[in-house]
Amino acid sequence: MPTRATKRGEERTPLERDCDVLICGASFAGLAVARELRSSGADVLVIDRYEIGERQTSACGIPTAWLEQLDLQRSLRQTFGELVIHTPHATVNYRLPWTFSTFDYRELCGLLAEQGAFTFETAKVDGRSGHTVHTDRGDIRATHIVDALGWRRVLGAGENIQPPDALLSRGLEVHPHGGGQDMEVWIDRSYVPAGYGWSFPAGAELRIGVGSFDPRFHVREPTERLATDVGSETVRYQGNWIPHALRPATEDGVFFAGDSAGHCLPLTAEGIRTALYFGLAVGRELREVLAGSRSTADAFQSYARFSDGHAAAYRWMLHCQRLVPRVAPRLLAGSLRAMQSRRFLDWAFNHYLEVAHPRYVRAGTGAAALPVSVLGGS
Ligand SMILES: Cc1cc2nc3c(=O)[nH]c(=O)nc-3n(C[C@H](O)[C@H](O)[C@H](O)COP(=O)(O)OP(=O)(O)OC[C@H]3O[C@@H](n4cnc5c(N)ncnc54)[C@H](O)[C@@H]3O)c2cc1C
């Protein structure tokens with residue numbers, strides 16, 4: 001069990017205040033927004049129900065260049081140049097044109113938080129009326145509000161998103177002690193009819209899990225079976241819902257970034273770099289508003305356009321997510337083998353990286369100024 005650092009009971013003092021920017025959610029998206037506001041001079045408040053880095057929200061795998069560009073290498077645990085994919089009829093090794101790494105969640109969040117300049121408070125967000133956010137410690141009024149709260153989209157205009165009817169996947173993993181050299185994926189219907197299993201080594205620990213694109217399919221038993229099949233213990237569980245469709249990135253005077261805006265990529269369920277990427281974009285828009293060089297209305301429009309500009313890539317990946325489970329297993333094995341050519345892999349994985357490219361970190365300016373190639377086009 002993770003150590004609970006969050007204050008409880010009487011230690012949870014009332015929190016009633018105003019601020020310029022209220023960022024709800026202190027994980028990838030929220031901390032990326034805060035980072036971009038570091039020299040804004042604004043009163044920035046970040047809130048989360050847990051302490052920063054207390055509750056890991058993923059297997060923590062990311063293209064290495066994102067860690068490098070954000071100066072987060074100290075959190076890196078292990079790097080992979082290949083992806084090993086197992087199916088019932090074939091195992092293929094894909095040599096990647098760029099590397100992928102696992103990192104330590106607590107350490108990464110700590111390093112990212114150090115890059116910002118903000119006040120942090122633990123509080124559970126319950127809802128919002130206009131520019132007032134209601135928390136279990138009181139009401140906070142803010143000129144600008146960011147929802148980086150993950151899949152529930154707590155601050156949206158309507159009802160919160162509810163599984164299993166929403167466009168959500170579900171994922172669960174265990175974190176046994178152990179090691180390995182390979183980043184492995186299983187596309188195998190004996191584990192999950194639509195989805196995949198994974199094992200990501202991270203130094204002294206493995207992160208072994210199963211994700212289902214069908215939210216009605218329960219993943220606990222297959223996760224435990226996969227861990228057992230690879231000779232690992234079923235300990236230290238971590239799981240969540242994962243959105244697999246874009247949602248409006250702005251609504252009713254609120255910015256949404258990361259899972260709250262459905263920014264996790266369909267098919268691969270990779271949502272960390274996109275949460276960072278869209279978080280940076282929100283931060284840059286707000287920075288210009290706070291500097292007086294852009295109106296709030298313009299910033300909303302520009303960020304919404306930026307998010308929508310990625311819709312084609314997300315639709316294409318959702319199409320693949322729906323297609324793969326329908327392909328007969330032998331045909332799938334043959335197709336995966338056929339895709340092993342160096343040229344094809346470079347093309348496919350480089351296009352995939354373009355959806356949220358690490359060069360965006362140093363691009364430095366508002367979201368709208370980006371070239372088309374960065375927006376997921378070809
Ligand atoms: C099992 C699993 C493994 C995954 N592995 C990977 C992976 O290896 N690589 C990858 O790229 N993606 C992975 N993902 C997807 C990835 O975890 C998400 O896309 C990513 O975490 C989204 O980041 P975020 O900042 O938007 O939201 P989150 O990381 O979910 O953060 C939301 C924050 O909001 C806080 N919060 C939520 N509700 C409230 C509330 N009411 N009040 C106050 N605070 C609140 C939470 O405590 C949390 O800190 C995985 C997902 C799952 C479920």
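Summary of values
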read-out: Percent RCO, i.e. relative contact order, over the stretch 193-265, from Cα pairs under 8 Å lying at least 6 residues apart; value: 19 percent
read-out: Within the chain: Cβ-based charge dipole about Cα centre, in debye rounded to nearest 20 (Lys, Arg +1; Asp, Glu -1); value: 840 debye
read-out: Taking the stretch 20-88 and dividing mean pair separation by its residue count, relative contact order in percent (alpha carbons under 8 Å, at least six apart); value: 28 percent
read-out: Debye intensity ratio in log₁₀ form over the Cα atoms of the chain, taken at each q of 0.08, 0.11 Å⁻¹; value: -0.39, -0.75
read-out: Thr91 versus Ala297: modelled label distance in nm, points set 7 Å from Cα along the beta carbon direction; value: 6.1 nm
read-out: Relative contact order of the chain, pairs being alpha-carbon contacts under 8 Å that are 6 or more residues apart, as %; value: 19 percent
read-out: Simple label model, 7 Å out from Cα along Cβ direction - Thr132 to Cys320, nm; value: 4.7 nm
read-out: Rounded Å value of the spacing that divides the Cα centres of the stretch 146-173 and the stretch 314-345; value: 28 Å
read-out: Per-pair calculated FRET efficiency, R0 = 45 Å: Ser341 and Arg74 via Cβ, rounded to 0.05; value: 0.80
read-out: Between 0 and 90°, nearest 10: helix 311-323 axis offset from the chain longest Cα axis; value: 40 degrees
read-out: Longest to shortest principal axis, alpha-carbon extents of the stretch 89-200, angstrom; value: 56, 38, 29
read-out: Ordering of 263-271, 39-47 by burial proxy (mean other Cβ atoms within 10 Å per residue, highest first); value: 263-271, 39-47
read-out: Which of Pro176, Gly158, His218, positive extreme of dipole for the stretch 147-222 (C-beta unit charges); value: Gly158
read-out: Estimated translational D of the stretch 1-105 in µm²/s (Stokes, Kirkwood radius over Cα pairs; 10 °C; 1.306 mPa s); value: 93 µm²/s
read-out: Sum of side-chain charges, Pro88 neighbourhood, beta-carbon under 15 Å (Lys, Arg +1; Asp, Glu -1); value: +1
read-out: Rounded to 10°, Cα long-axis angle of helix 296-308 versus longest principal axis of the chain; value: 0 degrees
read-out: Virtual spin-label span in nm between Glu16 and Glu107, 7 Å along Cα→Cβ; value: 4.3 nm
read-out: Dipole magnitude of the stretch 281-356 about its Cα centre (Cβ charges: Lys, Arg +1; Asp, Glu -1), debye to nearest 20; value: 500 debye
read-out: Listed residues Leu37, Leu280, Leu345, most fluctuating in the chain (Gaussian network, C-alpha, under 10 Å); value: Leu345
read-out: Beta bridges by DSSP in the chain, antiparallel share as percent, to the nearest 5; value: 70 percent
read-out: FRET efficiency for Val84 and His351, using Cβ-Cβ distance with R0 set to 25 Å, rounded to 0.05; value: 0.75
read-out: Between 0 and 90°, nearest 10: helix 105-114 axis offset from the chain longest Cα axis; value: 30 degrees
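Any read-out appearing in this document is the output of simple, stated calculations on the displayed coordinates, not a laboratory observation. Because the structure is a prediction, the values reported are computed rather than measured. Here the Cβ is made from the backbone with ideal geometry for all residues, glycine too, and neighbour counts use every protein chain on show.
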